1. Going by the conditions given, is ARG182 in contact with an Asp or Glu (Cβ under 6 Å, 6 or more places away or on another chain), at negative phi and touching a residue at least 60 places away in the same chain (Cβ under 8 Å)?
2. Based on what the data block shows, is ASP202 of a type in the set (Asp, Glu), within 19 Å of the chain's Cα centre (by Cα) and assigned to a helix (DSSP H, G or I)?
3. Residues SER101, SER109, SER83, SER113: which one is of a type in the set (S, T, N, Q), within 13 Å of VAL28 (Cα to Cα) and at pLDDT 95 or above?
4. Among LEU84, LEU112, LEU100, LEU63, which is the only one that is buried (at least 17 other Cβ atoms within 10 Å of the Cβ) and under 21 Å from LYS211 (Cβ atoms)?
5. Report every pair of residues separated by at least 6 positions or lying on different chains whose Cβ atoms are under 9 Å apart, first residue within the range 1-16 and aromatic (Phe, Trp, Tyr), second surrounded by 23 or more Cβ atoms within 10 Å (Cβ to Cβ) and part of a helix (DSSP H, G or I).
6. Which residue is modelled with the highest pLDDT, if the candidates are limited to the range 129-157 and must be of a type in the set (D, E, K, R) and either in a helix (DSSP H, G or I) or out of contact with any helix residue (DSSP H, G or I) (no Cβ under 8 Å at 6 or more places or on another chain) (or both)?
7. Taking the conditions exactly as written (loosely packed, with under 15 Cβ neighbours inside 10 Å, touching a Pro at 6+ places or on another chain (Cβ under 8 Å) and at pLDDT below 95), does ARG239 satisfy them or not?
8. Could you list all residues from the range 1-16 that are buried (at least 16 other Cβ atoms within 10 Å of the Cβ) and part of a loop (DSSP other than H, G, I, E, B)?
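The values are calculated or read from the model by the stated rules, or taken from the named source; none is laboratory data. Remember, it's a predicted structure, so these values are computed and weren't measured experimentally. No Cβ is skipped: glycine too gets one built from the backbone with ideal geometry, and neighbour counts run over all protein chains shown.
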Amino acid sequence: MYDVVASIVTYKNEETVLSKAINSFLKVNLNVYLYVVDNSPTDSLRSVCSKQRVEYIFNNKNLGFGSGHNIAIRKMIGNTKYSLILNPDVYFNNGVIEELSVFMESDKSVGLSMPKVLYPDGEIQRLCRLLPNPYDMISRRISPMILAPLFDAQRAKYELRWADYNKQMDVPYLSGCFMFVRTDIFEKIGLFDERFFIYFEDVDLSRRIHKNYRTVYYPQAVVYHGYQRDSCKNIDLFRHHILSGIKYFNKWGWFFDKERKFLNDKVVQDLSAIKK
């Protein structure tokens, strides 16, 4: 039984970037293992993954983010206490995985945790969010190309920019770039919904976990993420984002989603009380 098993899904990633993520995870003072699931058209990343405690899985086709991770998660179930969903462009210093493990051990009601995420220059990424409504999708993905200033207030509310990112927060949506999950939860709530090729699969999973467990932002641990909003630059990714958004709202509800309203209102109320 491993302490932590991680999964990285790759697609045409730079070798140096992926190597940094792999090395960050392997420098852990715990019993760990890593799956690298490669959706690239060639196996050129195989050499980067030729290390002890790393298993390289080459799909020879792009299965998507959630489907790729599910290949690894199925192998994790029953073999590790904690699972880490990790982006290939995330890196961190020693102690992060240990810190999150201790935190999760201290409170069995926590099913999912995410550390503080910074850009490489040290600026914070505000990845604690409310459950999205269709207007949030428009404000984040369409407006930056057209009328960004008109949607600043909407984005600020959705991204909880007014909250204190130096304090722990219970929020319903934690970013998929770094999801530290109690593994047995997957047997209860399911894996990533493979209807989402890319985008919204992390919203969906985080929401399902949040319904039954605490989903906690834990700023005492810090990682770095070379995040780029590619869907605003690449027309194909933009199309995938819109399609996934449609699938998400078809599943959970568009403008009438009572559960979303209840969970979001509770988060805002609780965080407002903490801020006071």
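1. Numbers: in contact with an Asp or Glu (Cβ under 6 Å, 6 or more places away or on another chain): no; at negative phi: yes; touching a residue at least 60 places away in the same chain (Cβ under 8 Å): yes.
Taking the combined requirement at face value, the residue does not satisfy it.
2. The answer is yes for ASP202.
3. Only one candidate passes the filter, namely SER101.
4. LEU112 is the lone residue from the list that is buried (at least 17 other Cβ atoms within 10 Å of the Cβ) and under 21 Å from LYS211 (Cβ atoms).
5. So the pair list comes out as TYR2/MET76; TYR11/PHE65; TYR11/GLY68.
6. Step one: list which residues in the range 129-157 are of a type in the set (D, E, K, R), which gives 129, 136, 140-141, 152, 155, 157.
Remaining after also requiring either in a helix (DSSP H, G or I) or out of contact with any helix residue (DSSP H, G or I) (no Cβ under 8 Å at 6 or more places or on another chain) (or both): 136, 140-141, 152, 155, 157.
Numbers: ASP136: 79, ARG140: 61, ARG141: 59, ASP152: 74, ARG155: 80, LYS157: 85.
It comes out as LYS157.
7. Values: loosely packed, with under 15 Cβ neighbours inside 10 Å: yes; touching a Pro at 6+ places or on another chain (Cβ under 8 Å): no; at pLDDT below 95: yes.
Considered against the rule, which asks whether it is loosely packed, with under 15 Cβ neighbours inside 10 Å, touching a Pro at 6+ places or on another chain (Cβ under 8 Å) and at pLDDT below 95, ARG239 comes out as no.
8. Matches in the range 1-16: TYR11, ASN13.
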